[in-house]
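Please read the structure below before turning to the comments.
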Amino acid sequence: MSGLATTPSVLDNPIWYALQTGNRDMASGSGQAQYIRRDAGAFAGMPHNSVAELEQLQGMIAEGEVVVLFTTGHLTIPAGWRIQLNRDLLQMAHTGPLQPLSSSGLIQSLTELHIPEMLALTALTKPGPFLQRTIDFGNYEGIFENGKLVAMTGQRLQPDPYTEVSAVCTHPEALGKGYAGLLLQSQVRQIKTAGRIPFLHVYPENTRAVALYQRMGFALRREMRVYVLERI
């Protein structure tokens with residue numbers, strides 16, 4: 001597949017490097033195994049995603065809780081974990097020019113008052129894990145119709161100098177109106193204006209989203225894997 005990365009990058013291990021840099025204020029754990037504050041996300045990061053590091057992480061996570069890992073390949077999972085998900089993932093980075101923002105008046109900043117609606121929309125559309133305090137990653141924006149949140153996106157992992165665009169979702173009744181593209185334009189503009197590089201993750205079978213991201217200036221960087229592991 002064209003566009004795959006051939007040189008190492010912090011994006012090969014985005015969760016680990018985010019916990020060391022842009023999201024370190026949300027990190028818990030020790031030197032070789034760390035995780036995002038549990039009310040904000042299930043992400044965990046390790047330097048090498050090795051068996052020894054996974055065993056160390058195991059001692060930090062309560063039985064029945066899950067962690068999400070982004071990796072560049074298959075992992076050897078030690079005893080004490082149950083694999084809930086092991087799935088292909090595409091990582092895309094923004095390489096295009098900064099596009100003019102149209103109809104910016106539709107976009108509203110989302111606050112704690114909007115958390116119930118954000119949880120409902122992400123539960124319906126399933127863009128990825130979204131918890132009670134995921135909003136603390138920052139810069140979430142939405143579009144409303146008749147007072148109802150129908151589209152949103154925001155920023156999540158921040159492995160310097162990159163910022164991840166996340167939770168891109170639209171209510172099924174509001175599809176086809178260009179809301180996702182408009183919100184993406186806004187996020188890309190904010191990130192690039194701050195001197196950072198936007199990136200995102202998407203399942204390869206979500207061809208509609210992949211096509212949208214390509215139109216918005218994102219290009220495939222590399223194939224990844226996402227694991228969801230339950231502590232048993």
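The values are calculated or read from the model by the stated rules, or taken from the named source; none is laboratory data. Bear in mind the structure is a predicted one, so any value in this text is a computation, not a measurement. Neighbour counts run over all protein chains shown; Cβ positions are idealised from the backbone, glycine included.
Quick notes on this one:
- Residue among Gly73, Gly80 that alone is farther than 21 Å from Gln185 by Cβ, touching a residue at least 12 places away in the same chain (Cβ under 8 Å), touching a helix residue (DSSP H, G or I) at 6+ places or on another chain (Cβ under 6 Å) and surrounded by fewer than 17 Cβ atoms within 10 Å (Cβ to Cβ): Gly80
- Within the range 44-67, restricting attention to residues that are over 15 Å from the mean Cα position of the chain (by Cα) and within 24 Å of Ala93 (Cβ to Cβ), the residue that is surrounded by the fewest Cβ atoms within 10 Å (Cβ to Cβ) is His48.
- Residue check, Pro100 assigned by TED's automatic domain parsing to the domain that holds Pro159 and either assigned to a loop (DSSP other than H, G, I, E, B) or aliphatic (A, V, I, L, M) (or both): yes
- Exactly one residue out of Gly22, Gly41, Gly29 is crowded, with 18+ Cβ neighbours inside 10 Å, in a strand (DSSP E or B) and not assigned by TED's automatic domain parsing to the domain that holds Val165: that is Gly29.
- When every residue of the range 124-133 is checked against the conditions, at least one turns out to be part of a helix (DSSP H, G or I) and of a type in the set (Val, Ile, Thr).
Yes/no per residue for (1) polar (S, T, N, Q); (2) in contact (Cβ under 8 Å) with a residue 40 or more places away in the chain; (3) surrounded by 20 or more Cβ atoms within 10 Å (Cβ to Cβ):
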| site | (1), (2), (3) |
| --- | --- |
| Gly138 | no, no, no |
| Gly154 | no, yes, yes |
| Gln158 | yes, yes, yes |
| Pro161 | no, no, no |
| Val165 | no, no, yes |
| Gly176 | no, no, no |
| Leu200 | no, yes, yes |
| Tyr213 | no, yes, yes |
| Val228 | no, yes, no |
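- Residue in the range 202-211 that is of a type in the set (Phe, Trp, Tyr), crowded, with 17+ Cβ neighbours inside 10 Å and either out of contact with any Phe, Trp or Tyr (no Cβ under 8 Å at 6 or more places or on another chain) or in a loop (DSSP other than H, G, I, E, B) (or both) present: no
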